[in-house]
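S.K.: This structure is in structure tokens; I'll ask about it shortly.
Quick note: the coordinates plus some simple rules give every number you see, no bench work behind them. As the structure is a computational prediction, the values presented were derived from the model and not from experiment. Quick reminder, even Gly has a Cβ in these numbers, built from the backbone with ideal geometry, and neighbours come from all protein chains shown.
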Amino acid sequence: FPVAPEAEDEGKTLRLVESYLQNFYGLQKDDHPYVRKKGEDSLAAKLKEMQAFFGLQMTGKPDLDTLKMMRKPRCGVPDIGQ
Amino acid sequence: YVFTAGNPKWKRNNLTYRILNYTPKMRQADVDEAIQKALSVWSNVTQLTFQKLEDKEADIMISFAYRDHQDNSPFDGPNGQLAHAFQPGEGIGGDVHLDEEEAWTKDGRGYNLFIVVAHELGHSLGLSHSNDPGALMYPTYSYTDPKEFLLPQDDIDGIQAIYGQSNAAVQPTGPVTPQACDPNLTFDAITTLRGETIFFKGRYMLRKHPERTEAELNFISLFWPKLPSGIQAAYENIERDEVLLFKEDKYWVLRGYDIAPGYPKQIYHLGFPKTVKRVNAAYSDEATGKTYFFIADRYWRYDENKKSMDSAYPRKIVSDFGKIGRVDAVFQKNGYIYFFHGTTQFQFDPRAKRIVRKMKSISWFNC
């Protein structure tokens, strides 16, 4: 079946979030995307790290303000670590 | 500010740089000038010097690169990642790579090469990203007119912590990012704008929406790249859905969110005498169509319908508004007039013709 637009959007958003956190916050590229991580979801933890850096609400979720920040043009150097 | 992990730094102050290639989107001379100006941003506040090399290996090699350029950090096409740089060290250390697919310019269009290179050189010298939204080393791009650019204090503190101060007799200082709840915060100008309230300070504006508890800090240039920083007075003409912004003897008109064509104009266009060099503050009374301009210890009244100054003005501020001193900023809201003088704010009731309350200037930010 054709992917419903909102599901497609969701997929696009997830890819944006993952590549942003991989590029700038050291999120490990996930070789086994369907294997649940131990402890708190590392994606949510990395999201909180990014939200803390930019002074956003630390929801651990890709809310509007977080996505708005992720879409801003920026420097390619990571914000955390090198 | 943040040092790069491991605190890498150059062991000497006299560094070399080389421009390996050029972008076809700018004149070569403009690229040279942007890069030279970006280097001086850092040499002006330290004892670092940068010598340009034409053909040998330099400490800082600056190049425009495309997508995967063999450094394990491929670029991503237009927008997104604009550039990156490497921390001090041998070989690729210190080098700056600029994404060739970006719209590089020497002004406010696309991405200003000077601003981006100045940021990347911060990395080349050992700085990481700062979380001060006003800092040059903040990760996201924001335009500042190169002619008006001043290295923010956060960046000065960071680079001097690595390489020491400059030789100058008086140490250079830079703009400090306003904090909404800083009790010492004062304002250059304030205006309403379609139900919101905009507080101007230096190159920043604090945007307060009645339904949001937090004020949003932005660069003025984010909304209006053609407006200068240091706006001195501003007022909204609600009926015409316009905001007038003043700096020195000029004013701009915002129609909605856009600068109206044909501005800036000289303030004498409004009827001021040539003895007036600038406006300190202004507000417009929606009910009467009268606009009040405050200059030093006097004020003028302008009729928005007749589009001319009322006669029998200027008058002394103290005669009609009481002891509020020099007016830094003023705006009208819910029938009251709010005068700002330094860190003090006076709420004036135009019906009772008197000050009804005195508050801190930051009372609007729910501190």
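S.K.: Under unit Cβ charges (Lys, Arg +1; Asp, Glu -1), what dipole magnitude, rounded to 20 debye, does chain B have relative to its Cα centre?
M.R.: About 2200 debye.
S.K.: From the backbone phi of segment B:165-180, what are the Karplus-calculated ³J(HN,Hα) couplings (6.51 cos²θ - 1.76 cosθ + 1.60, θ = phi - 60°) in whole Hz, Gly and Pro given as x?
M.R.: 7, 7, 7, 4, 4, 10, 5, x, 10, x, x, 9, 5, x, 10, 3
S.K.: With +1 on each Lys and Arg Cβ and -1 on each Asp and Glu Cβ, how big is the dipole of segment B:1-96 about its Cα centre, in debye rounded to the nearest 20? Walk me through the intermediate numbers first.
M.R.: Values: 10 positive and 12 negative charges, 57 e Å.
I would put it at about 280 debye.
S.K.: Still on this structure, I have one more. Go through segment B:216-229 residue by residue and turn each phi into a ³J(HN,Hα) via Karplus (6.51, -1.76, 1.60, θ = phi - 60°); whole Hz please, and just put x for glycine and proline.
M.R.: So the J values, rounded to whole Hz, are 9, 8, 9, 6, 4, 5, 5, 8, 9, x, 7, 7, x, 7.
S.K.: In chain B, with Lys and Arg counted as +1 and Asp and Glu as -1 at Cβ, which of these residues, B:PHE219, B:SER130, B:GLY164, has the Cα nearest the positive end of the dipole, that is, farthest along it?
M.R.: Positive-most Cα among the choices belongs to B:PHE219.
S.K.: Using the count of nearby Cβ atoms within 10 Å as a rough guide to exposure, how do B:ARG315, B:ARG12, B:ARG194 rank from fewest to most? Before the final figure, lay out the partial values.
M.R.: Working: B:ARG315 14, B:ARG12 8, B:ARG194 11.
In order of increasing Cβ crowding within 10 Å: B:ARG12, B:ARG194, B:ARG315.
S.K.: Now, a different point. Across the residues of B:118-124, average count of Cβ atoms on other protein chains within 10 Å? Let's see the in-between values first.
M.R.: On the way: counts 0, 3, 3, 0, 2, 4, 0.
That average works out to 2.
S.K.: Report the net charge of residues surrounding B:ARG27, where surrounding means a beta-carbon distance below 13 angstrom and charges are Lys +1, Arg +1, Asp -1, Glu -1. Let's see the in-between values first.
M.R.: Details: positive: B:LYS25, B:LYS106; negative: B:ASP30, B:ASP32, B:GLU33, B:ASP107.
For residues surrounding B:ARG27, the net value is -2.
S.K.: Mean separation of Cα pairs under 8 Å and 6+ residues apart, divided by the residue count of chain B: what relative contact order is that in percent? Could the numbers behind the result be given before it?
M.R.: Working: 786 pairs, mean separation 41.0, N = 367.
Computed over chain B, the figure is 11 percent.
S.K.: What angle, in degrees between 0 and 90 and rounded to the nearest 10, separates the Cα long axis of helix B:153-163 from the longest principal axis of the Cα atoms of chain B?
M.R.: Between helix and principal axis, roughly 30 degrees.
S.K.: How large is the charge dipole for the protein assembly as shown, taken about the Cα centre, if only the Cβ atoms of Lys, Arg (+1) and Asp, Glu (-1) carry charge, to the nearest 20 debye? Before the final figure, lay out the partial values.
M.R.: On the way: 57 positive and 59 negative charges, 453 e Å.
My answer is approximately 2180 debye.
S.K.: Treating the angle as unsigned and between 0 and 90°, give the value, to the nearest 10°, between the Cα long axis of helix B:28-43 and the longest Cα principal axis of chain B.
M.R.: Roughly 80 degrees between the two axes.
S.K.: In addition: Would you order B:THR275, B:THR344, A:THR66 from fewest to most other beta-carbon atoms within 10 Å of each residue's own beta-carbon? List each step's numbers first, then the result.
M.R.: Numbers: B:THR275 6, B:THR344 15, A:THR66 21.
Going from least to most buried by this count: B:THR275, B:THR344, A:THR66.
S.K.: Here's a follow-up. Amide H to amide H, which residues 5 or more places from B:ILE60 or on other chains are under 5 Å from it, using H placed in the peptide plane?
M.R.: B:THR16, B:TYR17, B:ARG18
S.K.: How high is the relative contact order of segment B:168-326? Use alpha-carbon pairs under 8 Å, at least six apart in sequence, and give a whole percent. Don't skip to the end; give the middle numbers.
M.R.: Working: 289 pairs, mean separation 19.7, N = 159.
Result for segment B:168-326 is 12 percent.
S.K.: Which of the cysteines found in the protein assembly as shown have nothing to pair with, since no other Cys Cβ lies under 4.7 Å from theirs?
M.R.: A:CYS75
S.K.: Sticking with this one: Between B:SER73, B:SER63, B:ALA29, whose Cα lies farthest towards the positive end of the dipole of chain B when Lys and Arg beta carbons carry +1 and Asp and Glu beta carbons carry -1, centred on the Cα centre?
M.R.: B:ALA29
S.K.: If you take every residue apart from B:THR343 with its C-beta less than 12 Å away from the C-beta of B:THR343, what net charge results, scoring Lys and Arg +1 and Asp and Glu -1? Intermediate values should be presented prior to the final figure.
M.R.: Working: positive: B:LYS358, B:LYS360; negative: B:ASP182, B:ASP328.
Charge balance near B:THR343 sits at 0.
S.K.: Within 10 Å of each Cβ in A:65-75, how many Cβ atoms from other chains are there, averaged over the peptide? Show your work: numbers first, answer last.
M.R.: Numbers: counts 1, 0, 0, 0, 2, 2, 3, 6, 13, 11, 16.
Counting other chains' Cβ atoms within 10 Å and averaging over A:65-75 gives 5.
S.K.: Can you give the mean number of other chain Cβ atoms that lie within 10 Å of the Cβ atoms in peptide B:79-88?
M.R.: Numbers: counts 4, 10, 7, 4, 4, 5, 3, 2, 2, 0.
Whole-number average of other-chain Cβ neighbours for B:79-88 is 4.
S.K.: Moving to a separate point now. Taking +1 at the Cβ of each Lys and Arg and -1 at the Cβ of each Asp and Glu, which of B:TRP252, B:PHE348, B:TYR141 sits farthest along the dipole of the protein assembly as shown towards its positive end, judged by Cα position relative to the Cα centre?
M.R.: The Cα lying farthest towards the positive end belongs to B:PHE348.
S.K.: By how many degrees, 0 to 90 and rounded to 10, does the Cα axis of helix B:113-124 deviate from the longest principal axis of chain B?
M.R.: Taking the Cα atoms of chain B, the angle to B:113-124 is about 60 degrees.
S.K.: Here's something else I'd like to know. Grab the other residues whose beta carbon is less than 11 angstrom from that of B:GLY195, score K and R as +1, D and E as -1, and report the net.
M.R.: Values: positive: B:ARG194, B:LYS208, B:LYS333; negative: B:GLU196, B:GLU211, B:GLU236.
Net of charged neighbours comes to 0.
S.K.: Averaging sequence separations of C-alpha pairs under 8 Å and six or more residues apart, then dividing by the length of segment B:250-312, give the relative contact order as a whole percent. Walk me through the numbers before you get to the answer.
M.R.: Values: 79 pairs, mean separation 13.1, N = 63.
Relative contact order, segment B:250-312: 21 percent.
S.K.: I've got another one for you. In deg cm²/dmol and to the nearest 500, what is the mean residue ellipticity at 222 nm of the protein assembly as shown if only DSSP H runs of at least 4 residues count, each as -39500 (n - 2.57), divided by the residue total?
M.R.: Numbers: 8 runs with 88 residues, N = 449.
So the helix-based figure for the protein assembly as shown works out to -6000 deg cm²/dmol.
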